[in-house]
Amino acid sequence: MDSRYEVVIGLEVHVQLTTKTKIFCGCSKDFGQEPNSQTCPVCLGLPGALPVLNKQVVEYAIKTGLATNHQIAPRSIFARKNYFYPDLPKGYQISQFELPICEHGWLNIETEELGKKKVGITRIHMEEDAGKLIHSDGNSSAVDLNRACTPLLEVVSEPDMRSADEAIAYLKQLHQIVMYLGVCDGNLEEGSFRCDANVSVRLWGQKELGTRAELKNLNSFRFIKQAIEYEVERQIDVIDDGGKVVQETRLFDADAGTTRSMRGKEEAHDYRYFPDPDLVPLVVDHAWVERVRAELPELPEAKLQRYQDELGLTEYDAGVISSERAVAEYFEALVGLHNNAKICANWVMGELSRALNENDIAIADCPVTPDLLAGILNRIADNTISGKIAKKVFEEIWQSGKTADQVIEEKGLKQVTDTGAIEAILDEIIAANQSQFEELKGGKEKLMGFFVGQVMKASKGKANPGMVNQLMQKKLKG
Amino acid sequence: MKISRAEVEHVARLARLALQPEELDAMTGQMDAILGYVDKLNELDTEGIEPTAHAVPMENAFREDAVKPSIGVERAQQNAPETDGSCFKVPKVIE
């Protein structure tokens, strides 16, 4: 980064909502259906068809607004944003302009380079998505209107971010929240969570913002970072060469890792907004807002803090576990059944995550339920099995769905805690490895591990490693 | 003048209307007359009156989030000048 310049980034995120139907009509909004099979006079923009607002969209907008510290407008209205494009059947998009449903929000973010900070969110408004244009080689483009009228929340941040990393931190935070709330499926590739980045640079100390470019086509966190970093360099080069940055929309080219100008859209910003006469004002009273507030789940930021304060997890562990709601809920259920939170966290992040990844299973569908996993952890805690055997038990439960006690019993995995039995094994091993035993006695402490390992092997992992150690010490002294 | 010829030209372009010079002149005159007429409203004293976007005293018209059958691809496209059987076909759009 060039230290003469300060980077200024504002982000617009389009969050596609997980409602069953579109925002202004009853068509299903399932992804991947036959083109135009999910359309009706309203979303096709046929003359005379009238939009009616989906109440769930309002509910989700309030939810998202509250979770991101917004004020919910007691009264808001819908507006028409006018422009012509073949994916927009009516010639206008129904959106909100004046009086959006949420204003004055913020999120806390943290980056390694710049530390903690608050990022302002100007507004969140509701709007309909456009259809999809499919460009082919011939002389025509194809239009699929299944996506037309799909509900979106547009979340507009203040130009508060000062690096690509801060932009990513903000986006991940917002992404996490909408996923927690269940208002969005969070799929960047399928376009359920789309981001446009407004990027500009200015000399340090300069008050006015530099001219910005709006970056589009950013469908992964990695691309967003790449695009912003490229764009910052590009703008600095333009200025250094004595040129001026032009306000324009630029498309990110993932293959080249560059951004390029989308020419010919300079007039497109004259949208001639006006209130949509087809939709009556939306009034959200105090009781509605408070009901939604009461229903909000505990959010990741609060969980992160509580896991550290109340459960004694490290910041890292708390961060991993709170990052996804389903994981956090599994963990909390587990902690309710087994009192060692650190061990619970280790198993959730370790064995459990590994098995889920390998089998490509969502944690909600995990065959080893918190109940079954707690059964394993309780048997480790009371010394019935060792941590190593516990992994075997876990595998068995994963396959069979039996309880830990059943598996331990059936497979004879109970740890040997009988001193006599362990001592007998140990004596045999010492007898068979007399020279190593003498070396160990002579101070070659590395061999300790060898003997403990041999006993564990001979007992098929069932000897209690702590006891083996103790007995070994006794032998060395004796 | 309430509206200039240049503004009419700009709005025509936004509306994708290709107006001939004489049409542009005629439109400018007509729109100027209309805006002048509507401007009479400004003579009203609206002091202390809440701005409103709607004339109907109504709010919160909702539908529940329940799926209703769509009309089907064939009916959706029955008025389309050109289709490929599932998509509407339009002149090539280049970005």
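Worth a mention:
- Residues in segment A:118-125 include none that are in a strand (DSSP E or B) and either within 14 Å of chain B (Cβ to nearest Cβ) or over 26 Å from the mean Cα position of the chain (by Cα) (or both).
- For segment A:7-27, the set of residues classified as surrounded by fewer than 17 Cβ atoms within 10 Å (Cβ to Cβ) and not in a loop (DSSP other than H, G, I, E, B) consists of A:Glu12 only.
- Inspection of segment B:50-60 finds a residue satisfying the criterion of being modelled with pLDDT of 95 or more and within 7 Å of chain A (Cβ to nearest Cβ).
- When A:Ala294 is tested against the conditions (1) touching a residue at least 12 places away in the same chain (Cβ under 8 Å); (2) not acidic (Asp, Glu); (3) not assigned by TED's automatic domain parsing to the domain that holds A:Val178, the lone failure is (1).
- A:Lys441 vs. criteria surrounded by 12 or more Cβ atoms within 10 Å (Cβ to Cβ), among the basic types (Lys, Arg) and out of contact with any Lys or Arg (no Cβ under 6 Å at 6 or more places or on another chain): yes
- Segment A:17-37, residues that are modelled with pLDDT of 95 or more and more than 7 Å from chain B (Cβ to nearest Cβ): A:Leu17, A:Thr18, A:Lys22, A:Ile23, A:Phe24, A:Cys25
- Helices (runs of 4 or more DSSP H) within segment A:304-382 that include 3 or more residues over 23 Å from A:Ser400 (Cβ atoms): A:315-322, A:325-335, A:341-347
- Verdict on B:Asp39 being among the acidic types (Asp, Glu), over 19 Å from the mean Cα position of the chain (by Cα) and at the interface with chain A (Cβ under 8 Å from one of its Cβ atoms): no
- Of the residues making up segment A:78-100, not a single one is assigned to a loop (DSSP other than H, G, I, E, B), more than 14 Å from every other protein chain (Cβ to nearest Cβ), surrounded by fewer than 22 Cβ atoms within 10 Å (Cβ to Cβ) and not polar (S, T, N, Q).
- Test: A:Asn54 is surrounded by 24 or more Cβ atoms within 10 Å (Cβ to Cβ), more than 22 Å from the chain's Cα centre (by Cα), at positive phi and touching a residue at least 40 places away in the same chain (Cβ under 8 Å): no
The values are calculated or read from the model by the stated rules, or taken from the named source; none is laboratory data. Keep in mind that this is a model prediction, so the values were computed, not measured. Counting neighbours? That spans all protein chains shown, and the Cβs are built from the backbone with ideal geometry, glycine included.
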